[in-house]
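S.K.: Here it is: the structure, laid out below.
The values are calculated or read from the model by the stated rules, or taken from the named source; none is laboratory data. Note that the structure is a prediction, hence the values are computed from the model and not measured. We place every Cβ from the backbone using ideal geometry, glycine too, and count neighbours over all the protein chains shown. The accessibility values were calculated without ligands, DNA or RNA, using every heavy atom of the protein model including side chains. Shrake-Rupley method; radii C 1.70, N 1.55, O 1.52, S 1.80 Å.
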Amino acid sequence: WSGLVMLLPHGYEGAGPEHSSARLERFLQLCGNDNMQVVYPSTGPQMFHLLRRQVRRNFRKPLVVMTPKSMLRTPTGTIDELVNGTFHEVLDDPAFAERGGASPKDVKRVVLCSGKVYYDLADRRDKIGRRDTAIVRVEQFYPLHASMVKGILGRYPKNVELIWCQEEPRNAGGFQFMNDVFRS
């Protein structure tokens, strides 16, 4: 039992692949028998509640956190989320509540992603005016609450196109891990 917390720099911050030092896929390959937690939070309140959860739990387990430096400058979250929230392993697309009339039944494509790529996807979706694409964030890779992911996906029509999007190449990042989860 160890309460070790590793905050690892992750992501291509415009300086090329040699600057991406944390390899998400390598940590996911080490996971088994509920031996650690691997997360990639996308908001400030999520990070706060994640660290708070690590300290308050009645058991200890190593925590690996992917933390790109650019996320420090991203104005995300609200005071209410910080004060009254909790850590969510999966975050559904908040845009449907903000779009005025768009509903999950109009969705034709669901993009699963994690971390900072969400902001690039959401920004592009809003710029081109796509109202038929939902973006769901996986905040905790391991242990993955697949039933929670499937519950969120259950809000959308059964025939939606499901896509995994990541910043890394196919043989890096969370693609292989998520592909294995959804094939079983």
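S.K.: Within region 170-177, is even one residue under 25 Å from P62 (Cβ atoms), assigned to a helix (DSSP H, G or I) and in contact with a Phe, Trp or Tyr (Cβ under 8 Å, 6 or more places away or on another chain)? Explain how you work it out, then say what you get.
M.R.: The first filter runs over region 170-177 and keeps only residues under 25 Å from P62 (Cβ atoms), leaving 171-177.
Applying the additional criterion that residues be assigned to a helix (DSSP H, G or I) yields 175-177.
Add one more test, that the residue is in contact with a Phe, Trp or Tyr (Cβ under 8 Å, 6 or more places away or on another chain), and what stays is 175, 177.
Yes, that holds for at least one residue.
S.K.: From the list G115, G173, pick out the single residue that is of a type outside the set (K, R), at positive phi and within 11 Å of the chain's Cα centre (by Cα). Working first, answer last.
M.R.: Working: G173 fails: within 11 Å of the chain's Cα centre (by Cα).
Answer to the selection: G115.
Here's the yes/no breakdown for (1) closer than 30 Å to D34 by Cα; (2) in contact with a Phe, Trp or Tyr (Cβ under 9 Å, 6 or more places away or on another chain); (3) open to solvent by 70 Å² or more (accessible area, probe 1.4 Å):
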site: R124; (1), (2), (3): no, no, yes
site: G129; (1), (2), (3): no, no, no
site: L144; (1), (2), (3): yes, yes, no
site: N159; (1), (2), (3): no, no, yes
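S.K.: If you take the residues of region 121-147 that are in contact with a helix residue (DSSP H, G or I) (Cβ under 8 Å, 6 or more places away or on another chain) and part of a loop (DSSP other than H, G, I, E, B), which of them is nearest to P68 (Cα to Cα)?
M.R.: Checking each candidate, the answer is E139.
S.K.: When both residues are 6+ apart or on different chains and their Cβ atoms are under 8 Å apart, which pairs have a first residue that lies in region 34-59 and is closer than 14 Å to Q140 by Cβ and in contact (Cβ under 8 Å) with a residue 24 or more places away in the chain, and a second that is assigned to a loop (DSSP other than H, G, I, E, B) and among the basic types (K, R)?
M.R.: Within 8 Å, the pairs are D34/K61; M36/K61; Q37/K61; S42/K116.
S.K.: Please determine whether any residue of region 121-131 is within 14 Å of the chain's Cα centre (by Cα) and closer than 19 Å to Q176 by Cβ.
M.R.: Applying the first criterion (within 14 Å of the chain's Cα centre (by Cα)) to region 121-131 yields 121-122.
So of that shortlist, the ones also closer than 19 Å to Q176 by Cβ come out as none.
Within region 121-131, not a single residue is within 14 Å of the chain's Cα centre (by Cα) and closer than 19 Å to Q176 by Cβ.
S.K.: Look at region 161-174 and say how many of its residues are surrounded by 12 or more Cβ atoms within 10 Å (Cβ to Cβ) and free of Cβ contacts under 8 Å to residues at least 60 places away in the same chain.
M.R.: Here is the first cut: in region 161-174, the residues surrounded by 12 or more Cβ atoms within 10 Å (Cβ to Cβ) are 162-168, 172-174.
This time we only want the ones that are free of Cβ contacts under 8 Å to residues at least 60 places away in the same chain, so: 162-166.
Selection size over region 161-174: 5.
S.K.: Here is a check on your reading of the model: is K150 part of a loop (DSSP other than H, G, I, E, B), open to solvent by 20 Å² or more (accessible area, probe 1.4 Å), on the phi < 0 side of the Ramachandran plot and modelled with pLDDT under 95? Explain how you work it out, then say what you get.
M.R.: Numbers: part of a loop (DSSP other than H, G, I, E, B): no; open to solvent by 20 Å² or more (accessible area, probe 1.4 Å): yes; on the phi < 0 side of the Ramachandran plot: yes; modelled with pLDDT under 95: yes.
No: the conditions fail for K150.
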